[in-house]
Amino acid sequence: MPKKTTAKKTISKKNGGKRRTLKRIPKEQYFVLLDGTRVGHYLSLADILEKVEETVLNHHVNEVRNDFASWISEVFEEKELAKLVKNSTSPEEIRLHIYKHVIKEHIRR
């Protein structure tokens, strides 16, 4: 039986500073879109949002809820990013917030 892995944040040093590596999550925590597409990280979500059908997007993000923001907050514990995603009005804006977050938190530190 394969060893069960748990999600955790790790810190690594690069160029004398600290930066967080991208968090891996167990498959049970993957986001599953209405069309069955499985998403393992919010960075992958940003890529998928480039081509997602409008009906799928509207199912997950609407006036009542924002499933993407909830997933990012609960699974990745990225509260600041989740808030930005929750207040976004388009898939392009969500993608922009995700890419900026990755640059700020995982590349430039």
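The values are calculated or read from the model by the stated rules, or taken from the named source; none is laboratory data. All of these numbers come straight from a predicted model, not from anything done at the bench. Neighbour counts are summed over all protein chains in view; Cβ atoms, including those assigned to glycine, are modelled from backbone coordinates with ideal geometry.
Given the criteria within 8 Å of the chain's Cα centre (by Cα) and either closer than 21 Å to Arg24 by Cα or surrounded by 13 or more Cβ atoms within 10 Å (Cβ to Cβ) (or both), does Leu43 qualify? Yes.
For the structure I just gave you, tell me whether Glu105 is in a helix (DSSP H, G or I) and in contact with a strand residue (DSSP E or B) (Cβ under 8 Å, 6 or more places away or on another chain). Here the answer is yes, as Glu105 does meet what is asked. Against the numbered list (1) without any contact (Cβ under 8 Å) to a residue 24 or more places away in the chain; (2) within 16 Å of Leu22 (Cα to Cα); (3) in contact with a helix residue (DSSP H, G or I) (Cβ under 8 Å, 6 or more places away or on another chain), Lys83 comes up short only at (2). Reported count of residues in the range 50-80, each being touching a helix residue (DSSP H, G or I) at 6+ places or on another chain (Cβ under 7 Å), of a type in the set (A, V, I, L, M, F, W, C) and closer than 20 Å to Lys23 by Cα, is 5. When you check Pro91 against the structure, is it modelled with pLDDT of 95 or more, touching a Ser or Thr at 6+ places or on another chain (Cβ under 7 Å), more than 20 Å from Glu105 (Cβ to Cβ) and not basic (Lys, Arg), yes or no? Taking the combined requirement at face value, the residue does not satisfy it. Output yes when any residue across the range 93-109 is touching a residue at least 60 places away in the same chain (Cβ under 8 Å) and loosely packed, with under 14 Cβ neighbours inside 10 Å, and no when none is. There is at least one residue in the range 93-109 that is touching a residue at least 60 places away in the same chain (Cβ under 8 Å) and loosely packed, with under 14 Cβ neighbours inside 10 Å. Exactly one residue out of Glu74, Glu105, Glu50 is at pLDDT 95 or above, acidic (Asp, Glu) and in contact with an Asp or Glu (Cβ under 9 Å, 6 or more places away or on another chain), and it is Glu50. Counting only residues that are acidic (Asp, Glu) and within 12 Å of the chain's Cα centre (by Cα), the range 89-109 holds 0 of them. For the range 58-88, taking the residues that are under 13 Å from Ile98 (Cβ atoms) and in a loop (DSSP other than H, G, I, E, B), the one that is nearest to the chain's Cα centre (by Cα) is identified as Glu78. Here Thr55 fulfils each of the conditions (1) outside any loop (DSSP other than H, G, I, E, B); (2) surrounded by 13 or more Cβ atoms within 10 Å (Cβ to Cβ); (3) at pLDDT 95 or above apart from (2).
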